[in-house]
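**Student:** So that we are looking at the same thing, I have put the structure below in structure tokens.
What follows is calculated from the coordinates using simple rules that are stated; it is not laboratory data. Predicted model only: the values in this text are computed from it and were never measured. Note: ideal-geometry Cβ built from the backbone for every residue, glycine included; neighbour counts use all protein chains shown.
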Amino acid sequence: MQQPDTSPWQATAACAGLSPTVVFSRRGNEAAPALRACAVCPVSRECEATVAPAESWFDGVCAGRLWRNGRPVRPRRRRGEPAEAPAGPAPIPLATAGGGRG
């Protein structure tokens, strides 16, 4: 069986020399080399557009994220590491919300 031709962007991908076992891993510790490659990859946008991980139920590393069944996997926190703050504006405390009596 013949391998399909690669697109020009695939040849310049930072993960081009990595083992498929690493790139298509479902586990963060095994996928770490591919995730590091994505961090410096010049073609991560082309990769994500072509792979379309959410639409293809992709498993592995694409565009700097680990995907499992087409959903990005959140990195696990290490013991003692604080939780990330939620995205968006900080909540306004009720005592200073400006809706008090005056």
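**Student:** For the stretch 1-75, which trypsin sites (Lys or Arg not before Pro) are both in a DSSP coil and crowded by at most 15 other Cβ atoms within 10 Å?
**Tutor:** Listed in order of number, the matching sites are R26, R27.
**Student:** First select every other residue whose beta carbon is under 13 angstrom from the beta carbon of D59; then total the charges, Lys and Arg +1, Asp and Glu -1.
**Tutor:** For residues surrounding D59, the net value is +4.
**Student:** Under the rule a/c < 1.5 gives rounded, and otherwise a/b versus b/c splits prolate from oblate, where does the stretch 1-66 land using the Cα gyration tensor?
**Tutor:** In terms of gyration-tensor shape, rounded.
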